[in-house]
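The values are calculated or read from the model by the stated rules, or taken from the named source; none is laboratory data. Values in this document were obtained by computation on a predicted structure and should not be read as measured data. Every residue, glycine as well, gets a Cβ built from its backbone with ideal geometry; the counts of neighbours run over all protein chains shown.
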Amino acid sequence: MNSPESLDSQPLEALIIGAGISGICIGRQLLQAGFKRIAIIEKSNDVSGTWLENSYPGCGCDVPAMLYSYSFAMKKDWTRKYALQPELLEYFRDCAEKFGLYPYLRLGQTVTQADWSDAEKLWLVKLQSGETLKTRVLISAVGQLNRPSIPSLPGMDSFQGPSFHSARWPKDFDPAGKRIAVIGSGASAIQIIPELAKTAAHTYVIQRSPNYIAPRNDHFYSSAARFLFKTVPGLAQLYRQYLFWSHEYLIYLYRKGSNWNRGFRSELVRKMRSRLPKALWRTVIPKYPAGCKRVLLSDNYLQSLSKENVTLCPEGAQGLTAEGVQLSDQTVPVDAVVYATGFESHPFLKSLQVTGREGALLSEAWAERPKTYYGIATEAFPNLFMLYGPNTNLGHNTIIAMIESQSGLITQCLQAMQRKQAQSMEVKSDAIARYDAQLQENLSRLVWTEKCGNWYTDQTGHIVNNWSGTVTSYRRQTKQLREEDFQFS
């Protein structure tokens, strides 16, 4: 098998940025399709992306593990319904090894700039090391949630204790006996706080805004169940299909102003009240429509708020002092501060300067909002493809299903270029316009457009992260490449 090191004298067929879930998927697809002159550039020292970078206490997935895995590489012996970070990391590492991707990886390297050469019909990709690689096709697999977002609070630099983002959790940090402030109450926070409450002297939950939280109903699989999944033909696949369709219908609960959505909220409120003391109902249960922000899953977060060594601070942090966190009416002394404040979900490809045809800058082209073709391609940037790009995130099902569809379509693009002996392909403006018009119409019907401060919405008020329908509809629309939507040259 060729490795990218042996291909320095000729352009790559494809260069993939990122070796997370998307990079592993498209790498496997391209190799299987016969594209061997590829390289995968990864800034970290190993594969797996999110599950390599996040290792905080309680870190795990909020999608069932049997569904949060590749359909073509099912793991049938997951230890529990919702896998934790170590098991997920092991799975994606194993996949990269099984797919034969490690020889194509360039680990610990960062792409800083990508320029399209109109003359050569190639992408010139610059690395932080100063090296420049030439590639016919450039594929972004950097994901949406990998740039930690830390709020700018007065006095942050004056705090004397350790402070860090949840995605940068120090391996040597021991919470035992410490007073800890967790700023944030979102997806990471609700996993961290119950774990801290076990050993920390006191945990302060600094909540900016509440979230709907449903029971996760997590459990370990029995040895008998794992044995049956591995040995009974089709059983694991059948269970995966059950999980898929039980999640797929949830998108209909997000219809704005619908009885479905009102009923969804009523059920969430009922379940939250059953796990909270009445004194916390007003501050912990949201008033905005259910689903406007991602509905979180936890079996123990709400209960942890009632522990003697946990204090909810619903007014948010006003700033930091040398010794603690300043609230609206007091300063709470703490030994450490954890920023469980999520990620910068847009602008897309912020850390990378991308220059397309005739000097077009991607940052300028998307200054108002990103307009793409199914999240994988955009006008004026030939041979540039994206995975988990704009408007391809989900609020109801497994993102891996979307990534598989995108990988399949991108592979078809490379095959079409090869078949036509074309040096470049670029999506047509009218194809983008048709797709975007339908996308915006569909998005307007969903609760994500309500004002709740979700991370899907950009500064212009547009939903730029989420897909507007079912996974099934996306699969259907991207199953076969429509060559008439592209210009080949």
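Listed by first and then second residue, the pairs with beta-carbon distance under 7 Å, at least 6 apart or on different chains, first residue in the range 314-340 and at negative phi, second basic (Lys, Arg), are 333/179; 334/179; 335/178; 335/179; 336/178. Contact map, the range 439-451: residues that are on the phi > 0 side of the Ramachandran plot paired with residues that are assigned to a loop (DSSP other than H, G, I, E, B), Cβ distance under 6 Å, separation 6+ or inter-chain. No pairs are found. Of the residues making up the range 240-259, those that are surrounded by 15 or more Cβ atoms within 10 Å (Cβ to Cβ) and among the hydrophobic types (A, V, I, L, M, F, W, C) are 243, 244, 250, 251, 253. Please determine whether any residue of the range 362-374 is assigned to a loop (DSSP other than H, G, I, E, B) and either β-branched (Val, Ile, Thr) or touching a strand residue (DSSP E or B) at 6+ places or on another chain (Cβ under 6 Å) (or both). Among the residues of the range 362-374, at least one is assigned to a loop (DSSP other than H, G, I, E, B) and either β-branched (Val, Ile, Thr) or touching a strand residue (DSSP E or B) at 6+ places or on another chain (Cβ under 6 Å) (or both), which makes the answer yes. Take the range 77-130 and flag every residue that is hydroxyl-bearing (Ser, Thr, Tyr), farther than 21 Å from residue 230 by Cα and more than 22 Å from the chain's Cα centre (by Cα). Matches in the range 77-130: 102, 104, 117, 129. Checking the condition without any contact (Cβ under 8 Å) to a residue 24 or more places away in the chain and in contact with a Ser or Thr (Cβ under 6 Å, 6 or more places away or on another chain), which residue from 75, 43 passes? Result of the check over 75, 43: 75.
Got at least one residue in the range 54-67 being farther than 15 Å from residue 217 by Cα, outside any helix (DSSP H, G or I), in contact (Cβ under 8 Å) with a residue 60 or more places away in the chain and polar (S, T, N, Q)? Yes, there is a match, as at least one residue in the range 54-67 is farther than 15 Å from residue 217 by Cα, outside any helix (DSSP H, G or I), in contact (Cβ under 8 Å) with a residue 60 or more places away in the chain and polar (S, T, N, Q).
Of (1) within 27 Å of the chain's Cα centre (by Cα); (2) farther than 30 Å from residue 337 by Cα, residue 232 satisfies all except one. Which? Every listed condition holds for residue 232 apart from (1).
With respect to (1) surrounded by 21 or more Cβ atoms within 10 Å (Cβ to Cβ); (2) not in a helix (DSSP H, G or I), the lone exception for residue 402 is condition (2). Taken together, 158, 166, 185, 149 contain a single residue that is modelled with pLDDT under 95 and of a type in the set (Ser, Thr, Tyr), which is 149.
Residues in the range 272-282 that are surrounded by 15 or more Cβ atoms within 10 Å (Cβ to Cβ) and either in contact with a Lys or Arg (Cβ under 7 Å, 6 or more places away or on another chain) or assigned to a helix (DSSP H, G or I) (or both): 272, 273, 280.
Just to verify a result, which residue in the range 315-329, among those that are of a type outside the set (A, V, I, L, M), more than 27 Å from the chain's Cα centre (by Cα) and surrounded by fewer than 18 Cβ atoms within 10 Å (Cβ to Cβ), is modelled with the lowest pLDDT?
The qualifying residue modelled with the lowest pLDDT is 329.
Answer yes if at least one residue in the range 178-185 is surrounded by fewer than 17 Cβ atoms within 10 Å (Cβ to Cβ) and outside the structural domain of residue 25 (by TED's automatic domain parsing), and no otherwise.
no
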